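What follows draws every value from the coordinates through simple rules; no lab data is involved. Not measured: the values here are computed from a predicted model. We place every Cβ from the backbone using ideal geometry, glycine too, and count neighbours over all the protein chains shown.
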Amino acid sequence: MNLIILGPPGAGKGTQAKRLEQKYGLVQLSTGDMLRSEVASGSELGRQAKEVMDAGRLMPDDIMIRIIGERIEQAQREANGFILDGFPRTTAQAEALDAFLAERGLEVEHAIELRVDDEALVDRISGRFTCAKCGEGYHDRHKPTAKEGVCDVCGSTEFVRRADDNPDTVRARLKAYHEQTAPILPHYEKAGKLRVVDGMASIDEVARQIESVIGRS
């Protein structure tokens, strides 16, 4: 079973991918993790990727396909399939992925979009904070600490927020998603593979909806 998880930053793609990975014996392929791993390996492909990253340029599609292709072939040998998280980001990448898979007799069964409301997502992300000691996650409105300023789990009074978890930055990331990545949705809809779930539901409910989609295949 080969899946793609689509949705804007903060929609919960990584959380759901991890659940699917554990339940179905799949391999989660995150573009960021794959790039870092390839660079760390010191391979020729990794050196090419590092040059692009160091120059601050967008990673060329051919390099991304080569890196992802290696991981996909490994997933077919060692697991029950893959979940792509963070790729493809453009229609050209989606078409290149289709071609790569078709050459190997493979395909993406489902492209699952976690659909969210932008302003609700801004609220969800910009209110997040984490205990600096134990890593427990909280939210200003949806999950505050029981006692103000004190972690429920370890009692620490030190908390951290990601620098980019602020309304302006989140809105900019959403804008980039809608302009650059959302246009690939019609590609998978035309192929009859796009499945939409409510990304604003609870983590368990989103997982239930995704499993319902998989169960119908």
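Could you point to the residue in GLY215, TYR138, VAL153 farthest towards the positive end of segment 134-215's charge dipole, with +1 and -1 charges on the Cβ of Lys/Arg and Asp/Glu respectively?
GLY215
List the trypsin sites (Lys or Arg not before Pro) within segment 100-199 that fall in a DSSP loop (any state other than H, G, I, E or B) and whose Cβ has at most 10 other Cβ atoms within 10 Å. Each step should come with its number before you reach the end.
Numbers: sites: ARG104, ARG115, ARG124, ARG128, LYS133, ARG141, LYS147, ARG161, ARG162, ARG171, ARG173, LYS175, LYS190, LYS193, ARG195; in loops: ARG104, LYS133, ARG141, ARG161, ARG162, LYS193.
When the trypsin sites (Lys or Arg not before Pro) of segment 100-199 are filtered for loop state and at most 10 Cβ neighbours within 10 Å, ARG141 remain.
How big is the charge dipole of segment 106-149 about its Cα centre, in debye rounded to the nearest 20, if each Lys and Arg gets +1 on its Cβ and each Asp and Glu gets -1 on its Cβ?
Values: 7 positive and 10 negative charges, 95 e Å.
Rounded to the nearest 20 debye, it is 460 debye.
On a C-alpha basis, how far is the centre of segment 182-208 from the centre of segment 74-131 in Å? Whole number, if you could?
Using only Cα atoms, the two centres lie 10 Å from each other.
Using R₀ = 25 Å, calculate the FRET efficiency as 1/(1 + (r/R₀)^6) where r is the Cβ-Cβ separation of THR169 and LYS133; round to 0.05.
Working: r = 25 Å, r/R0 = 1.02.
Calculated transfer efficiency: 0.45.
Place +1 on the Cβ of every Lys and Arg and -1 on the Cβ of every Asp and Glu in segment 168-217, take the dipole about the Cα centre, and give the residue among THR169, VAL206, ILE184 whose Cα lies farthest towards its positive end.
Ranked along the dipole, the leading option is ILE184.
Near the amide H of GLY7, under 5 Å away, which other amide H atoms are found, from residues 5 or more places off or on another chain, if H is placed in the peptide plane?
The list, which skips near neighbours in sequence, is LEU114.
Return the equivalent ellipsoid semi-axes of segment 1-97 as a descending list in whole Å, where each equals the square root of 5 times an eigenvalue of the C-alpha gyration tensor. Don't skip to the end; give the middle numbers.
Values: eigenvalues 100, 49, 31 Å².
One finds semi-axes of 22, 16, 13 Å for segment 1-97.
In µm²/s, what is D for segment 121-217 at 25 °C and 0.890 mPa s, where D = kT/(6 pi eta Rh) by Stokes-Einstein and Rh is the Kirkwood radius from Cα pairs?
On the way: Rh = 16.2 Å.
Estimated via Stokes-Einstein, D reaches 152 µm²/s.
So what's the back-of-envelope 222 nm ellipticity for the chain, counting only DSSP H runs of four-plus at -39500 (n - 2.57) apiece and dividing by all residues, rounded to 500? Show your work: numbers first, answer last.
Numbers: 9 runs with 103 residues, N = 217.
Rounded to the nearest 500, the figure is -14500 deg cm²/dmol.
Within segment 167-185, list the residues whose amide N lies under 14 Å from a label point set 7 Å along Cα→Cβ of ASP140.
167-171
What relative contact order, as a whole-number percentage, does segment 1-118 give when Cα pairs under 8 Å and 6 or more residues apart are counted? Present the calculation step by step, with values, prior to reporting the outcome.
Details: 140 pairs, mean separation 55.9, N = 118.
Normalised by residue count, the contact order of segment 1-118 is 47 percent.
Please work out the Cα convex hull volume for the chain and give it in Å³ per residue. Please report the intermediate quantities before stating the final value.
Working: hull volume 31.9 nm³, N = 217.
With only Cα atoms used, the chain gives 147 Å³ per residue.
Taking the Cα centre of the chain as origin, sum charge times position over the Cβ atoms of Lys and Arg (+1) and Asp and Glu (-1), and report the length of that vector in debye to the nearest 20.
Values: 30 positive and 36 negative charges, 60 e Å.
Around 280 debye, computed over the chain.
Answer with one residue from ILE5, ALA49, GLN22: the one whose Cα lies farthest towards the positive end of the charge dipole of the chain, charges on Cβ with Lys, Arg +1 and Asp, Glu -1.
In the chain, that residue is GLN22.
Under a crude label model (7 Å from the Cα following the beta-carbon direction), how far is SER156 from SER43 in nanometres?
3.6 nm
Less than 30 Å apart at the alpha-carbon level, and either on another chain or at least 8 residues along: which lysines does that give for LYS175?
Qualifying lysines at Cα under 30 Å: LYS13, LYS18, LYS50, LYS143, LYS190, LYS193.
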